[in-house]
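Below: the structure, in structure tokens.
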Amino acid sequence: MRWAELGTVYRLEKSGVLHGLLRVRGFTQDDAHIFCRPEDLNKEIKDAVSFALDVLRVFGFAEFEIFLSTRPEKFVGSEGNWERATTALKEGVESVGIAYRVDPGEGVFYGPKIDIKIKDALGRSWQCSTIQVDFNLPERFGLSFINSEGKEEQPIMIHRALLGSLERFFGVLVEHYKGAFPFWLAPVQLTVLPITEKESDYAQKVFERLTKDGFRVMIDNSDEKISKKIRRAELEKIPFLAILGKREQEAGTVSLRQHGKGEQGVMTIEELIVKLTEISTQAGGAT
């Protein structure tokens, strides 16, 4: 049985250690609790480790530090179960072919755990994913299932968090990309910039067409000069700018500009949609 939730957690952090989104007093965890048969523990651990790394890679992270924390001095559960769980975690990490370090005695009292840290563009490590085996809660809640021999047996519980604190993860993403998010992830993927008020109606049609196709679009109908509109969009690091003047309006086209790369040529709306869809597909994301 696999149950997942987004749960709010509160910690009374001292004011001196609060740091933007990276360390807050109230945050949201993407928690999951997996209840499995003892013989399924190894497979569940391997799946959880692979799942966590796949999710982190989708967001563009490629460098990881993995730590395996073992039994502390004070613990609950039998030594045999601890040995079995630690072995399952070890095999789970080894199955993905990434080097890891063992932290002797740094597990929590209810079970051993895996911690995955990611490195941002500046090489800083951030704690995100965690996978923990829990012997305590199944025993305290008196959980059981009927096994293949028709007898009651206690399940093993796995705590799994893929991103950890969502607020911290958002903060790390901003730092990692310096605000210039990849196209599939950007809050605003394209901004439509009419050169003058005369192109406003055409700009609205372009905006509506792109929005209908699922893209996140903004339109700038301000009275400012086009150079200032472009500069503002570039500072906001919006991936694409669709500039519309008299010629574009008459031809039913857009002049496309890409953040950090400049002019991308003139194209029809249909060609633009094809281009943006291909970029989304190549990035492994979705509009």
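Throughout, read-outs are computed from the coordinates displayed, never taken from laboratory work. Every value quoted in this text rests on a predicted model; they were computed, and no experiment measured them. Cβ coordinates were reconstructed from backbone atoms using ideal geometry, including for glycine residues, and neighbour counts include every protein chain displayed.
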- Query: Kirkwood Rh over Cα pairs of the chain into Stokes-Einstein at 10 °C, 1.306 mPa s: D in µm²/s?
  - Reply: 71 µm²/s
- Could you tell me what % of all Cα pairs in segment 192-244 have separations over 16 Å? 36 percent
- Enter the per residue convex hull volume of segment 22-63, computed from alpha-carbon coordinates, in Å³ rounded to the nearest integer. 110 Å³
- Take Arg2, project a point 7 Å from its Cα along the Cβ direction, then tell me which residues of segment 42-80 have their backbone nitrogen under 15 Å from it. 42-56
- Rounded, prolate or oblate: which fits segment 49-184, taking a ≥ b ≥ c as square roots of the Cα gyration tensor eigenvalues, rounded meaning a/c under 1.5, else prolate when a/b beats b/c? prolate
- Message: Using the crude model of +1 on Lys and Arg Cβ and -1 on Asp and Glu Cβ, and no other charge, please compute the dipole size for the chain relative to its Cα centre, in debye to 20.
- Response: 920 debye
- Message: So if each residue of separation counts as 0.36 nm, and I subtract the Cα-Cα distance between Leu122 and Arg140, what length gain in nm does that give?
- Response: 2.1 nm
- From the residues Leu18, Gly164, Asn42, which one has its Cα farthest along the dipole of the chain in the positive direction, the dipole being from +1 and -1 charges on Cβ of Lys/Arg and Asp/Glu about the Cα centre? Leu18
- Val9 neighbourhood, Cβ < 12 Å, K/R = +1, D/E = -1, net charge -2
- Query: Sorted from largest down, what three extents in whole angstroms do the Cα atoms of segment 112-257 have along their principal axes?
  - Reply: 78, 38, 20
- Order by protection proxy (mean Cβ within 10 Å, highest first), peptides 13-20, 39-46: 39-46, 13-20
- Message: Nearest 500 deg cm²/dmol is fine: what mean residue ellipticity at 222 nm does the chain get from its DSSP H runs of n ≥ 4 alone, each adding -39,500 (n - 2.57), divided by its residue count?
- Response: -10000 deg cm²/dmol
- Backbone HN-Hα couplings from phi across segment 242-247 [Karplus 6.51/-1.76/1.60, Hz, Gly and Pro as x]: 9, 9, 10, x, 4, 5
- Query: Between segment 215-287 and segment 1-76, how many Å separate their Cα centres?
  - Reply: 38 Å
